[in-house]
Structures are given as C-alpha cells and as structure tokens.
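Accompanying notes for the structure given below.
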Amino acid sequence: MESEPCRTLSQTLTRTNGGGVYLRGSSPAFYGCTFQANDAIAGGGVFCDNSSPSLEGCTFTGNTASTLAGGLYVLLGNVPVNTSFFEVNTVSAGDGGGIAVAVGQTITATNCVFSGNQASGNGDGMYSTGSTTIDFCAFQNNTATSGSAFASLGVSPSVSNSIIWGNSGVNALSITGGIAAISQSIIQGGSAGCLSCPNSNGNIDPLFHNAADFDGVDNVLGTSDDGLKPICASPAVEAGAGGSVDITGINRFGSPDLGAYEQPGFSSTPTLTITTGSDTICAGASGNYGAAAINAGTNPVYQWKINGIDVAGEIASTYLASSLNNADVVGVSVTADNDACAVPRTVNSSNDITVFLLTAATILADPASDTVCVGSATSLSVSASGIMYQWEVNDGANGWMAILASPPYSGENTSTLSIATAPASATGFAYQYRRRRLAAFYLLARRRSRCDNRHPPSRYCGNGHCRHK
C-alpha cells in the first residue's frame with residue numbers, strides 16, 4: 001500500500017497502541033503525512049507490529065505515549081525514515097520520546113530532525129535495542145534522564161554525518177552494552193572514537209542558524225529559514241561525506257554539510273560605501289552620515305570610526321557625529337551576518353570622508369580698484385581670516401568664472417591674485433574672490449587692463465604708458 005501526500009492524522013481518543021496509526025502485517029509507504037496530537041500506551045503516532053512501512057517527508061508532532069515511543073514504535077519490522085521531523089513528542093513513564101525500536105528490529109533514519117522531544121527514561125530523541133543507522137540527522141533540545149538525544153541498549157548503532165547538540169540530560173549520547181560507530185559528526189561532550197569528526201572528537205558548537213526558532217520565521221518546517229540549518233561559518237559545513245539531498249530538497253554536493261540541512265550559500269565579497277554625509281560642516285555642528293553594504297546579509301553590524309578608532313555604540317547604518325575636529329576622518333566597517341557567506345566577513349568603507357570645519361570669516365581689508373596698462377603686471381590682494389580663497393573673473397559676457405592655474409594668472413587660491421601680463425582683451429574685466437564652502441560673500445576689485453580716459457584726474461596715459469600728471 002502506498003499513500004499520496006496525506007492529511008494530518010490526529011485522534012482524540014487514547015488507544016492501547018498506535019494512537020495515530022496501528023500497523024500489523026502491512027508495509028505501507030507514508031509520504032508527506034503529519035501525525036499530530038495522538039495518544040497511546042505505546043507508539044503515540046505510529047505502532048509497527050510485524051510491519052515495515054517507509055516514511056518520507058513526514059512530521060510527528062505533539063504525540064504522547066505512557067510507556068514507549070511518543071512518535072514511532074517499531075515492535076517488529078524494518079523501518080526506513082527519511083526527511084522527517086520528530087518534534088515535541090512525549091513519553092510520560094518510559095523511553096524513546098521520538099522513536100523506540102524493540103530488540104532485533106531495524107530503524108534507519110536519514111535527513112531527520114529530532115527536537116523538543118521528552119522521555120522520563122532514556123533516549124528522548126530515539127531509544128533503540130535493535131539495529132540502528134543514523135545518517136545526516138540533527139538532535140537538538142531533547143530531554144531525558146540519560147541519552148537525551150539517543151540511547152541504545154545491547155546494540156552497536158551507526159551514527160554518521162549528524163549533529164547532536166543542545167540537548168538536556170546526563171549524556172547526549174548513551175551507548176550501553178555495545179560500541180557505537182560514530183563518524184564525521186558533531187557530538188556535544190565529544191566521543192573518543194569519533195572518526196573524522198570536527199575538532200577531533202566532535203565536541204564543537206555547530207553554530208545553528210537559530211536554534212531557538214526551530215521552524216524559522218515562516219513557521220514552516222522544511223524550509224530554508226529553519227533554525228537548525230548551519231551558518232556559513234559552522235564547522236558542520238563541508239565536513240561530511242556522501243548524501244544526495246537534504247531535508248529541504250537541496251542537493252548535497254562535494255563535501256556535504258553535517259546534520260539534516262545543507263547550507264547552499266556560495267561565498268561572496270561584501271562591499272561598503274558611505275552614501276550620505278558632507279565633508280564640510282560648520283564648527284560646533286553635527287555631521288549626519290549613512291552607509292550601505294552589499295553582500296553582507298540582512299542583519300549586518302556596522303561600526304563607525306573616527307580616525308580609524310571605533311566609536312562606542314555606533315553600530316547602525318547611520319551615524320550622527322558630534323564634536324568633530326577639523327581634518328577628522330569619518331569611516332565605517334561592516335561585519336556580515338551569519339548567513340551571508342561573506343569572505344571576508346568584515347570590510348571597511350571604500351570612501352572615508354575627511355571633514356573640514358567651517359568657521360566665520362573676518363574681512364580685514366578689501367582689494368582696491370585701480371587702472372593698469374596693457375602688458376603690465378599687477379596683483380589684487382585681500383586680507384582676511386577664516387576663509388579659503390577662490391578668485392573669479394567676469395568678462396562681461398559669461399558671468400563669473402573660477403580662475404584656473406594658467407597664464408597670466410597665479411595665486412588663484414590664495415589671498416593675492418597675480419596677473420603677470422595684462423592683455424588688451426581684458427579691458428573692463430572685473431575680479432572677485434569667494435569664500436569657498438561658505439555662503440557666498442562677494443568683494444569686487446575691478447580693474448581695466450588698458451589706458452583710457454576713465455582714470456583718476458591725477459593720472460593720465462600717453463604712448464601706452466601710465467604716469468602721474
């Protein structure tokens with residue numbers, strides 16, 4: 001018998017065995033079924049008596065039993081369980097919160113998650129006295145007197161490519177009367193016989209995405225945001241061998257990740273740019289800055305800096321900077337979140353801002369107007385404090401234009417503008433200086449660059465030369 005993706009199986013009455021389904025002498029295939037809130041003396045969700053069903057993509061949740069197996073009990077049979085969840089199943093006075101297997105029977109669990117199961121006895125996640133193979137599974141937040149994740153008696157189970165972490169009880173893994181074959185797995189507390197395990201004995205934090213949120217923000221099991229997925233920096237990443245797909249259907253390739261979830265992220269390099277903020281502010285004012293990161297995940301951590309030194313507490317994407325000094329350099333770094341698969345995880349901004357403080361200008365002496373002859377050298381000077389200079393010229397046709405460093409001009413950014421040779425074409429030109437980066441303040445110094453009759457009465461021109469009368 002084979003089932004199509006099935007509905008939730010939930011019984012309101014308490015049965016002796018198999019609160020959700022009791023199997024005897026049959027071997028159905030359950031696909032995509034949910035066994036929820038069933039109750040029995042043994043096998044709260046499913047009871048197998050001389051039956052070898054297969055279960056794939058199933059969920060056992062909130063089932064209870066008084067003596068054995070809150071979720072699945074194999075009394076007699078050979079049962080493969082693939083890509084399935086056992087969560088919050090309970091045995092009130094016995095063993096095997098999620099699964100229990102009787103003497104001489106067989107259970108194979110692949111790509112399964114055991115979380116939040118409880119047993120008053122042993123093996124909150126699974127208890128077995130039969131042949132047991134566990135591959136690419138995760139046991140987390142299970143509670144039992146002994147063997148809070150897995151307990152076996154009189155057999156030698158095989159545990160590979162799995163994570164057993166964050167469970168409560170005397171031992172996360174309890175093997176009595178047998179020798180477990182453990183390989184390429186993370187086991188809290190470690191295992192002396194762990195073959196090719198991270199940190200030698202497997203005792204290293206797997207760095208789950210969010211163990212406190214088992215089914216992720218979407219509250220749906222078997223999706224990419226599930227809490228027991230390893231982050232990119234996890235020691236579980238690429239630490240396994242074999243496998244085909246994970247519990248969400250993602251292909252496992254190369255060296256697969258440990259546990260039920262594959263981390264599909266490919267490394268990328270974060271970039272960080274300061275997007276808002278001025279390089280000039282008035283003395284005593286605050287500067288408002290903002291930054292944007294790419295390839296740093298959804299929850300990156302920023303760190304603003306002044307002159308390369310971290311500013312305490314400034315870890316948001318925006319920063320209101322006060323008490324800045326002239327020539328201070330405002331910068332920022334970003335550390336990618338755990339899911340970004342960023343290499344490197346921390347980068348600095350590519351466009352730090354050097355701050356110029358603007359102070360009030362004081363004009364001490366304005367430039368004086370005068371008449372100058374063609375071909376003569378001359379200069380215009382201003383005496384001021386607290387300003388940065390930019391001399392400009394108005395030719396009468398194009399308006400005011402900044403003077404560039406080219407003949408006949410020099411000193412265009414100083415207090416004195418020098419004109420090496422006054423050309424005839426510059427007749428009637430007007431010059432001014434501007435307070436750079438401040439509100440416009442114009443002081444005009446007009447000069448005519450050839451001799452004409454518009455000169456002071458005390459002076460006259462003749463033969464191209466100016467002299468006193």
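Just so you know, all these numbers are worked out from the coordinates, no wet-lab data involved. The shown structure was predicted, so the numbers you read here are calculated from the model rather than taken from an experiment. With ideal geometry, Cβ positions are generated from the backbone for all residues, glycine too; neighbour counts draw on all protein chains shown.
How high is the relative contact order of the chain, in percent, counting Cα pairs under 8 Å that sit 6 or more residues apart? Present the calculation step by step, with values, prior to reporting the outcome.
Values: 1460 pairs, mean separation 30.6, N = 469.
So the answer I get is 7 percent.
Beta bridges from DSSP with both residues in the chain: antiparallel share about 40 percent, rounded to the nearest 5.
Note on K305, K229: ascending count of other Cβ atoms within 10 Å places them as K305, K229, the fewest first. Here the residues S383, S322, ranked from fewest to most Cβ neighbours within 10 Å of their Cβ, fall in the order S322, S383. Could you state the number of Å between the C-alpha centres of the stretch 85-129 and the stretch 212-264? Value for the Cα centre distance between the two parts: 22 Å.
Treating only the Cβ of Lys, Arg, Asp and Glu as charged (+1, +1, -1, -1), what charge dipole size does the chain show about its Cα centre? Round to the nearest 20 debye.
Values: 19 positive and 32 negative charges, 611 e Å.
Value, rounded to 20: 2940 debye.
Under the criterion of Cα pairs below 8 Å and six or more residues apart, the relative contact order for the stretch 156-288 equals 17 percent.
Counted by neighbouring Cβ atoms within 10 Å, the residues D213, D246 run from fewest to most as D213, D246.
With contacts taken as Cα pairs under 8 Å at a separation of at least 6 residues, the stretch 1-265 carries a relative contact order of 10 percent. Label-to-label distance for T271 and A241 is 4.2 nm, based on points extended 7 Å past Cα in the beta-carbon direction. Computed from the C-beta positions of N251 and A285, the FRET efficiency with R₀ = 60 Å rounds to 0.60. Computed from label points 7 Å out along Cα-Cβ, the spacing between V170 and S381 is 9.7 nm.
Modelled label positions at N210 and A402, each set 7 Å beyond Cα in the direction of Cβ, lie 5.0 nm from each other.
So for the chain, taking the charge dipole from beta-carbon charges (+1 Lys/Arg, -1 Asp/Glu), which of S27, T346, I309 sits furthest toward the positive end? With unit charges placed on the Cβ atoms, the residue in question is I309. Note on T16 and N351: the extension gain reaches 113.5 nm, defined as 0.36 nm multiplied by sequence separation minus the Cα-Cα distance. On the beta carbon distance between E56 and S224, with R0 = 25 Å, the FRET formula returns roughly 0.80.
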